[in-house]
Structures are given as C-alpha cells and as structure tokens.
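Colleague: Below is one structure. I have some questions about it.
The values are calculated or read from the model by the stated rules, or taken from the named source; none is laboratory data. All of these numbers come straight from a predicted model, not from anything done at the bench. Every residue, glycine among them, receives a Cβ derived from its backbone with ideal geometry; neighbour counts consider all protein chains shown.
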Amino acid sequence: MRYDAVIAGGSIAGLLCARELARRGHSVLVLEKGHEIGTPEHCGGLVSRSGLDELDIGPSSRHVRGRIHRAALYSPNGGSFEIDSGPCDIVEVDRRELDKQAARQAHDAGAHIRTRSEFKRFGGRVAKTSFGDIECDILVDATGVTSLIMKKMRSGVLVSAQSEVSADWIKEGCVEVHLDAVKYPGFFAWSIASEDGRGKVGVAGAEINASQALHDLLESRGRYSETRRINAPIWVGGCAAKLVDGMTVTVGDAAGQSKPTTAGGIFSCGMGGIMAGAAISDYLESGDKAALESYPRSWNAKFGAEFTRQLAARRLLARLDNGTIDELVGAVTPKIASEISKDGTFDFHVSSIVKMLGAYGTMRLARRLPMSDIARLMTGVGKV
C-alpha cells in the first residue's frame, strides 16, 4: 500500500492539509486514532465568519450554532467591562460537525480517511501503523498537543476542563471570561453560549485540578446540568515545533499553531494545514525539497508577528496578581470598551489587548513587568 502523503491525526489542520493535497491530485491517507472525527471536542468553538471563509469551509447550518454579540470580562473582585463583539462577526461552532465537514471535503477531493487507526513511527519513507506498513513520501504530524508533550515541550502546556452545560445564566450570544490568578493561574475561566440556556463552560490554568476548579465555578453560578465533560491539555506556548524536519511536516496544535492568548486554533491551525498542503504538493510535483520550506515562510508571514505579540501578552497577564487584575479591569472605561469593540479582529486581536493594558497605564505596568515583554507586545519584534 502506498500514498504520496500519510497524515497522522484527523484534526482540522490534518484534514485541511489532506483536502489541499487531494484537490491537487495527490494520494493521501488520514489516520485518526480515535473512533470518530471531531471527538473528543475540547475546543471552545469560536471562530470568525471571515476565518471560515478563508479556510474554504464557510458557515453552515450543520456546524454554526450561534452568533456571538457581546463579550464580558470579569476580575476576581467582580469588576467587569463588556465589549460589543458584533463587528468581529464571531460564531460558535459545533467542532465535531466542523471537523466532519472538513473530512467530507477531503474525501470528496479524493483523500482516504481511517478511524481507529494509530500511527506509530516514520522512517525510510515508511509509516508504521496499527494495521501495517504504509509507503509514503511525506509524513504529516497532526497529532495535536500530545506531540509537543512527547517532545518534552511542557512549558507551554496547561490543563483544562470544559463541560457542555444547560443553565439559565447562560445568555444567548454572550461570552464570559473570568480572570483569577489564584483559581486559574496563567489563564482564565470561560462561558460560551450556543443558545439561550445552553453552552460550554470551562477552566484552564497551570498546575491546577481542572475538574475541581470547573466544579467550583459551576456551583458558584447557580442551578445547572452537565451533559458532557472533557479534560484535555491545551497549548499556549506559541509556534514551538520545527515545521519541516526532513520528510516530516508538522501542522496544527502539534506545531504550536493555537493562539497563545486563548488556545483557540480553528483558523490558525487550519491555515497551517492548508499552507502545508500547498507546499507538500509543490514538492511532490517538482521533487525539490526546498519547496517544503515555503510552508514555514507562509505561516510566519501571516501569523509570526501576531503570535509573538500574543505570547508577550500571555506572559504579561500571567505575571499579574489579583489586585493588579482588579485595577486593570477597573481602569477600562465605557469609552475605552467602545474603542476595543471597534478595533482589531477575532483572529488578530492583540491591538485590543494593548488598548486594555493602555487603560491601566504603561508606566504602572512597567513597575510590575519587564519592559522587554512590553516592547514585544507593542511591536511584535523579538522572540519570547
């Protein structure tokens, strides 16, 4: 059995890579270790409509469950501000259905997808799998955060827990973000509405008992019911892997392509898969290994500066104690909240974070945080 490319992992990145390769006439096999594409779903499921369009998936009634109109950010003492997220045109999607749509597109283009099929190792242009050896020219690693953990790149890994919840305190079209350096160190808790009275509620942080933290959050909010819970590691360490290593190409979460600020990656990881697919196709058609290097160049040109700034923002916010978080949130006036609402996009949102921090005051921040990180946040220049 032989394919031009074998893709280990049926993630959004792996599936879109397969779609691009198959559309250009190459034989491709996707191996998904789990029993179902899109499961387990541990993603918050937020993405912009423009992002879906650029991924060439497009909003569909099959996977789009609701539009997000507003976002509220809460500090530990209960302070808050709200922004109008309407201009960003954000939707909440069913990730299981979104991934299945990507799988349908890949299949229709000519890709072969197998579930319950485990990739083991690659060498000598042979991919060893749970059902035998597969000859191939290229191996694509789309195995997710597990790949980074296996490479001992643990500093960017946080633990998370997320539940699908029914509760009358979940309001249609609303996202909530709860900052607390004690309960959720290095990250936050969230609530994302799918519809009125139903949505996803989750927590993440460094070295916490995520299940207990989620339970405590839910209990504090009032009456609720859970219909599903997922515990999973998330990656907030920025692009961390070598994207091309010999005949192995890495995409998606396995490449650290999820956003350092929110760990969301539908758009950035999906684009990684598309860009990798184009580069691999060029290599297969030309035989020139240099063609593979167009993938990291393309991804860095689109996301490199933004991810540098997002990673700086993540590290700055992770250093703040609860008192400073309370002051920062309290400093955001209705006028500044309105400016944040009009500024930036969901996929490239650092300018909004800069406005929020600017409300607190650069000099006050500088007394608590390294100026080098502040400079990276403002400019996107330099490695974090």
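Colleague: If we scan the range 165-184, do we find a residue that is in contact with a Leu (Cβ under 6 Å, 6 or more places away or on another chain), farther than 18 Å from Ser80 by Cα and at pLDDT 95 or above?
Modeller: No: the range 165-184 contains no residue that is in contact with a Leu (Cβ under 6 Å, 6 or more places away or on another chain), farther than 18 Å from Ser80 by Cα and at pLDDT 95 or above.
Colleague: Taking the range 3-16, which residues are over 14 Å from His107 (Cβ atoms) and either buried (at least 24 other Cβ atoms within 10 Å of the Cβ) or modelled with pLDDT under 95 (or both)?
Modeller: Ala5, Val6, Ala8, Gly9, Ser11, Ile12, Ala13
Colleague: Kindly evaluate Ser147 against the criterion of being polar (S, T, N, Q) and outside any loop (DSSP other than H, G, I, E, B).
Modeller: yes
Colleague: When the residues of the range 51-87 are narrowed to those that are polar (S, T, N, Q) and in contact with a helix residue (DSSP H, G or I) (Cβ under 9 Å, 6 or more places away or on another chain), which ends up farthest from Asp108 (Cα to Cα)?
Modeller: Checking each candidate, the answer is Asn77.
Colleague: Sort out for me the helices (runs of 4 or more DSSP H) sitting completely within the range 220-330 that have 1 or more residues that are of a type outside the set (Asp, Glu) and under 15 Å from the mean Cα position of the chain (by Cα).
Modeller: Qualifying helices (runs of 4 or more DSSP H): 266-286, 294-318.
Colleague: Here is a further query. Could you tell me whether any residue of the range 239-247 is without any contact (Cβ under 8 Å) to a residue 60 or more places away in the chain and crowded, with 16+ Cβ neighbours inside 10 Å?
Modeller: yes
Colleague: While we're on this one: Would you be able to say whether some residue in the range 203-216 is farther than 22 Å from Gly79 by Cβ, in a strand (DSSP E or B) and outside the structural domain of Arg315 (by TED's automatic domain parsing)?
Modeller: No - not one qualifying residue is present in the range 203-216.
Colleague: Which condition number in (1) modelled with pLDDT of 95 or more; (2) among the β-branched types (Val, Ile, Thr); (3) over 22 Å from Ala18 (Cα atoms) is the one that Val64 fails?
Modeller: (1)
Colleague: Looking at Tyr224, Tyr283, which one is more than 30 Å from Leu73 (Cβ to Cβ), in contact with a Leu (Cβ under 6 Å, 6 or more places away or on another chain) and not assigned by TED's automatic domain parsing to the domain that holds Leu317?
Modeller: None of the others qualify; the one that does is Tyr283.
Colleague: Okay, next question. From the list Gly110, Gly202, which one is within 20 Å of Ile68 (Cβ to Cβ) and either touching a helix residue (DSSP H, G or I) at 6+ places or on another chain (Cβ under 7 Å) or at pLDDT 95 or above (or both)?
Modeller: Exactly one of Gly110, Gly202 is within 20 Å of Ile68 (Cβ to Cβ) and either touching a helix residue (DSSP H, G or I) at 6+ places or on another chain (Cβ under 7 Å) or at pLDDT 95 or above (or both), namely Gly202.
Colleague: Mind telling me which of the residues Gly272, Gly265, Gly252, Gly199 ends up being touching a strand residue (DSSP E or B) at 6+ places or on another chain (Cβ under 8 Å), small (Gly, Ala, Ser), crowded, with 17+ Cβ neighbours inside 10 Å and not assigned by TED's automatic domain parsing to the domain that holds Arg319?
Modeller: Gly199
Colleague: Further question: Considering each of Ser117, Ser194 in turn, give the residue that is surrounded by fewer than 22 Cβ atoms within 10 Å (Cβ to Cβ) and within 26 Å of Leu21 (Cβ to Cβ).
Modeller: Going through Ser117, Ser194 in turn, just one is surrounded by fewer than 22 Cβ atoms within 10 Å (Cβ to Cβ) and within 26 Å of Leu21 (Cβ to Cβ): Ser117.
Colleague: Could I ask something else about it? Among the residues that make up the range 324-340, is at least one of them out of contact with any helix residue (DSSP H, G or I) (no Cβ under 8 Å at 6 or more places or on another chain), more than 15 Å from Val140 (Cβ to Cβ), of a type in the set (A, V, I, L, M, F, W, C) and in the same structural domain as Ala22 (by TED's automatic domain parsing)?
Modeller: no
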